[in-house]
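One structure is given here, and the rest of the page talks about it.
The values are calculated or read from the model by the stated rules, or taken from the named source; none is laboratory data. Predicted model, so just to flag it, every value in this text is computed and none were measured. Glycine gets a Cβ as well: all are built from the backbone with ideal geometry, and neighbour counts include every protein chain shown.
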Amino acid sequence: MPDKTMDRIAKATPPQVATRIRGLSDRTIAWIFVAPTIFLLLAINIFPLIWTIRLSFTNFRVNRVNADVKWIGLRNYERILTDPDIWHTMQVTAHFLFWTLFLQVLIGFALAYLINKKFRGNDLWTTLIVLPMMLSPAVVGNFWKFLYQPQIGLFNYVVGFFSGTDPSSFSMIGSIDLAPWAIVIVDTWMWTPFVTLICLAGLRSIPDYIYEAAEIDRASKWRQFWTITVPMVLPFLMLAVLFRGIENFKMFDLVVQLTGGGPGSATELTSINLKREAFEKWRTGYASAYAVILFVTIFGLASIYVKALNRVKER
Amino acid sequence: MSIFSITEPSGRQKWIAGILVAAYAVITLIPLLWIIATGFKSPSDAIAYPPKVMFDPSLEGYVNLFTTQTRITPDMEATLGEPDTWYERLVREKGMVIAGPSRYGERFLNSVIIGFGSTFLSVFLGTLAAYAFSRFKVPLKDDLMFFILSTRMMPPIAVAIPIFLMYRTLGLSDTHLGMILLYTAVNLSLAVWLLKGFIDEIPREYEEAALIDGYTRFQAFIKVVLPQAATGIASTAIFCLIFAWNEYAFAVLLTSGEAQTAPPFIPTIIGVGGQDWPAVAAGATLFLLPVVIFTILLRKHLLRGITFGAVRK
């Protein structure tokens, strides 16, 4: 019997009396510290997301508040997935994604490789190279519109000067054929340094002794590059592609200021198209379904990619 | 490293690499230099063909940026008397008078208020959360951390629809508070991830020693951990500030009159017959310059900030 009493007393005593006397318990502090962040994210990220999902099953329109809101099931999704215009914007986005990633990886890696030669002053030059990506994409995009002007623009003048064509004979943002490349050029100009920085971190993480061992084995420089440098940098490079891929899938500010999606719909990326549906045509329900589809696509692709990335890392 | 190391690039290789990188840097900086130069051109020089590299500097762009002007007839001008200031004179030469200040100053100030407000909040909340995630057994820690990261994957436009509705109901649309809360929520993910990395690097022994000395956990956090994390907190703050400073999508959709920041405003600066490029360039120069300075100051922490702490050096 006394044993049981002791047991009960022990249980009734609140845990960690010592820490309570000396202040809040760790557990309470943990909650107080984490709660505001979680609350804010729930209120401004998750709650809106759930609301979007709900709206996506309705025909709600913000500009007609008094109209009946009807539950229309999967109709919005059906219409989006069978809409040729939306497939067109998906193609535009795919073109943009593929070429920006391709060029940025190529140029970004090459630059990192050169910077890693540790020439004098490489810190200074790296900082200068990084500048474009730190700037406001909307402000810079708007200014590139000026550089792309047929007569007076610097870009056309320089291209004309080196290729001998008349600078007023082509318009990068006015022609359906050239505009998709105009946005690729500006995005590459802006974001190549991002890939460079990450590759540089990868290159610097390779210990010298691996190359020294390869030298002793008389492996050629070319062979060292393909069997040491590339595989060791690959996980970093894939991380850069992941970050750039997500960002460019969401791309809005730079392109909307540069071309506004035009001419016609030649550069209408999904985010621009979505903005048109949601905030110009005010088809809220429809746009919500569109937003859900985009989010699921990004999330799905990113998850698959992260799995692949982890596999590369494990090797 | 000794100069005899076999992995050290040869002098010639260094030279070639240096020249190629410098050439790339020069080419990539031309658009930025062109923005700065255009801000100091007269409107006719700005749209001259061929583009002018050498020009007579003029402050017309800056005057146009900060003022609104109206055209006056020569008769009226005769009644006005001599202009008092250099900028008044500059405007008068075009047959105009200054009617008042433009909205650029307000927009710039909005950017400052919203940028610093949201930076302060996200760093404050982010430090607390990061400390908890770093030191305590928070249930579902990994899931929560991933949840925080995944909020960054949503396209801003997709979240903007319900936020637009929510803010309209709560009366937060087009207010400083609304934008500060929104940018804080977006920046929190970056802040928590980065700061957790920084705090993880501070040895626990310091705090444990403080606890043994009779500090409470909270005192130990304030007096031991915070000073140690100061550099990390400062660089996180600058990254949050740069994001809020540059953000465009939410700003253009959720603000119009009161709380509009500079990025949606600068492209709308128009003069007679189209965009007034010197004024746009002047506005852009003033707006981009702080970021350029921060980037140079921050160069050592750049990588960590832009990759969510995923890559450390």
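Being in contact with a Ser or Thr (Cβ under 7 Å, 6 or more places away or on another chain) and at pLDDT below 85 is true for just one of B:Met54, B:Met76, B:Met96. Which residue is that? Exactly one of B:Met54, B:Met76, B:Met96 is in contact with a Ser or Thr (Cβ under 7 Å, 6 or more places away or on another chain) and at pLDDT below 85, namely B:Met96.
Here are some residues: B:Tyr206, B:Tyr167, B:Tyr215. Which one is more than 9 Å from chain A (Cβ to nearest Cβ), farther than 22 Å from A:Ser271 by Cα and among the hydroxyl-bearing types (Ser, Thr, Tyr)? Can you show your working first?
Values: B:Tyr167 fails: farther than 22 Å from A:Ser271 by Cα; B:Tyr215 fails: more than 9 Å from chain A (Cβ to nearest Cβ).
Within the list B:Tyr206, B:Tyr167, B:Tyr215, the selection yields B:Tyr206.
When region B:236-256 is filtered for residues that are of a type in the set (Gly, Ala, Ser) and within 13 Å of another protein chain (Cβ to nearest Cβ), the ones remaining, listed by number, are B:Ala244, B:Ala249, B:Ala251, B:Ser256. Exactly one residue out of A:Arg54, A:Arg79, A:Arg120, A:Arg61 is within 13 Å of chain B (Cβ to nearest Cβ), surrounded by fewer than 17 Cβ atoms within 10 Å (Cβ to Cβ) and assigned to a helix (DSSP H, G or I), and it is A:Arg54.
Only one of B:Ser150, B:Ser118 is surrounded by 15 or more Cβ atoms within 10 Å (Cβ to Cβ), within 29 Å of B:Ile202 (Cα to Cα) and either modelled with pLDDT under 80 or in contact with a strand residue (DSSP E or B) (Cβ under 8 Å, 6 or more places away or on another chain) (or both); which?
Details: B:Ser118 fails: either modelled with pLDDT under 80 or in contact with a strand residue (DSSP E or B) (Cβ under 8 Å, 6 or more places away or on another chain) (or both).
None of the others qualify; the one that does is B:Ser150.
Pairs linking a residue in region A:30-43 that is facing another protein chain (nearest Cβ under 7 Å) to a residue that is at pLDDT below 90 and not in a helix (DSSP H, G or I), with Cβ atoms under 8 Å and 6 or more positions apart or on different chains, are A:Ala30/B:Phe136; A:Ala30/B:Lys137; A:Ala30/B:Val138; A:Val34/B:Val138; A:Leu41/B:Thr151.
What about B:Arg299, is it crowded, with 20+ Cβ neighbours inside 10 Å and either within 24 Å of A:Leu154 (Cα to Cα) or among the basic types (Lys, Arg) (or both)? Even if it seems obvious, please write down each step before you answer.
Working: crowded, with 20+ Cβ neighbours inside 10 Å: no; either within 24 Å of A:Leu154 (Cα to Cα) or among the basic types (Lys, Arg) (or both): yes.
So B:Arg299 does not fit the description; no.
Of everything listed in (1) touching a Gly at 6+ places or on another chain (Cβ under 6 Å); (2) in contact (Cβ under 8 Å) with a residue 60 or more places away in the chain, the single unmet condition for A:Phe236 is (2). Collect the residues in region A:155-184 that are free of Cβ contacts under 8 Å to residues at least 40 places away in the same chain, away from chain B (no Cβ under 11 Å) and β-branched (Val, Ile, Thr), keeping them in residue-number order. Correct list: A:Val159, A:Thr165.
Grab the helices (runs of 4 or more DSSP H) fully contained in region B:1-86, keeping just those with 1 or more residues being buried (at least 18 other Cβ atoms within 10 Å of the Cβ) and at negative phi. Full working, then the answer.
Numbers: elements: B:11-39, B:43-46, B:60-66, B:74-80.
Those helices (runs of 4 or more DSSP H) span B:11-39, B:43-46, B:60-66.
Taking the criterion of being within 12 Å of chain A (Cβ to nearest Cβ), within 27 Å of A:Phe279 (Cα to Cα) and touching a residue at least 12 places away in the same chain (Cβ under 8 Å), the residues of region B:257-282 that qualify are B:Thr261, B:Ala262, B:Pro263, B:Pro264, B:Phe265, B:Ile266, B:Pro267, B:Ile269, B:Val280. Residue-level analysis places A:Ala308 among those that are at pLDDT below 90 and either of a type in the set (Gly, Ala, Ser) or assigned to a helix (DSSP H, G or I) (or both). If you filter region B:238-249 down to residues that are touching a residue at least 60 places away in the same chain (Cβ under 8 Å) and crowded, with 22+ Cβ neighbours inside 10 Å, you find that the one that is nearest to B:Pro155 (Cα to Cα) is B:Ala249. Filtered by the rule that a residue be among the hydroxyl-bearing types (Ser, Thr, Tyr) and more than 7 Å from chain A (Cβ to nearest Cβ), region B:21-37 gives no residues. Whether any residue in region A:132-146 is over 18 Å from B:Leu20 (Cβ atoms), in a loop (DSSP other than H, G, I, E, B) and out of contact with any Gly (no Cβ under 9 Å at 6 or more places or on another chain) is what I want to check. Yes: one or more hits.
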